[in-house]
Amino acid sequence: MDCWNCGTKLEDLILPVSRREACRHCRAEIHVCRMCTRFRAGRAVWCAEDRAEPPRETELANFCDYFEPNPDAYQPADASADDKARAQLDALFGDAPATGQAESDGIPDELKKLFGD
């Protein structure tokens with residue numbers, strides 16, 4: 001099982017998970033909605049259990065009796081989405097230096113005609 005926050009293996013975790021249990025690496029609490037098999041991200045009602053009280057905070061420890069640890073709770077950030085967006089911008093506007101100022105030989109001829117050198 002991995003920590004929902006950082007992905008560190010929780011090999012020494014004792015089941016059932018105590019409310020006070022925390023990740024040894026990032027100190028994130030483990031008995032949280034985001035670590036539960038019933039957690040539904042992106043939905044109006046986060047919990048799939050009808051009898052559970054609606055959570056206010058999904059990343060803070062709670063006393064939920066329906067908690068079941070989810071071994072696949074860790075969802076790494078999708079860095080490729082940033083790369084795709086950056087590639088689309090580069091395709092649209094061309095490759096400009098990171099400073100935001102275009103070099104003179106990288107400016108298209110149309111812009112030179114419109115704004116001058």
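The values are calculated or read from the model by the stated rules, or taken from the named source; none is laboratory data. Everything quoted here is computed from the prediction, not taken from an experiment. We place every Cβ from the backbone using ideal geometry, glycine too, and count neighbours over all the protein chains shown. Only protein heavy atoms, including side chains, enter the accessible area calculation; ligands, DNA and RNA are left aside. Shrake-Rupley method; radii C 1.70, N 1.55, O 1.52, S 1.80 Å.
The set of residues in region 13-53 being of a type in the set (K, R), free of Cβ contacts under 8 Å to residues at least 24 places away in the same chain and either touching an Asp or Glu at 6+ places or on another chain (Cβ under 6 Å) or within 14 Å of C3 (Cα to Cα) (or both) consists of R24, R27. Across region 16-26, a minimum of one residue is classified as assigned to a loop (DSSP other than H, G, I, E, B), open to solvent by 30 Å² or more (accessible area, probe 1.4 Å) and of a type in the set (A, V, I, L, M, F, W, C). Taking the criterion of being in a loop (DSSP other than H, G, I, E, B), within 15 Å of the chain's Cα centre (by Cα) and surrounded by 11 or more Cβ atoms within 10 Å (Cβ to Cβ), would at least one residue in region 32-48 satisfy it? Within region 32-48, one or more residues are in a loop (DSSP other than H, G, I, E, B), within 15 Å of the chain's Cα centre (by Cα) and surrounded by 11 or more Cβ atoms within 10 Å (Cβ to Cβ).
For region 88-105, taking the residues that are among the small types (G, A, S) and either outside any helix (DSSP H, G or I) or open to solvent by less than 60 Å² (accessible area, probe 1.4 Å) (or both), the one that is modelled with the highest pLDDT is identified as G94. Can you confirm whether region 54-71 contains a residue that is among the polar types (S, T, N, Q) and in contact (Cβ under 8 Å) with a residue 60 or more places away in the chain? Yes, the conditions are met somewhere in region 54-71.
Out of P71, P55, one residue alone is of a type outside the set (A, V, I, L, M, F, W, C) and open to solvent by 50 Å² or more (accessible area, probe 1.4 Å). It is P71. Looking at region 9-26, is at least one residue on the phi > 0 side of the Ramachandran plot and within 18 Å of the chain's Cα centre (by Cα)? There is no residue in region 9-26 that is on the phi > 0 side of the Ramachandran plot and within 18 Å of the chain's Cα centre (by Cα).
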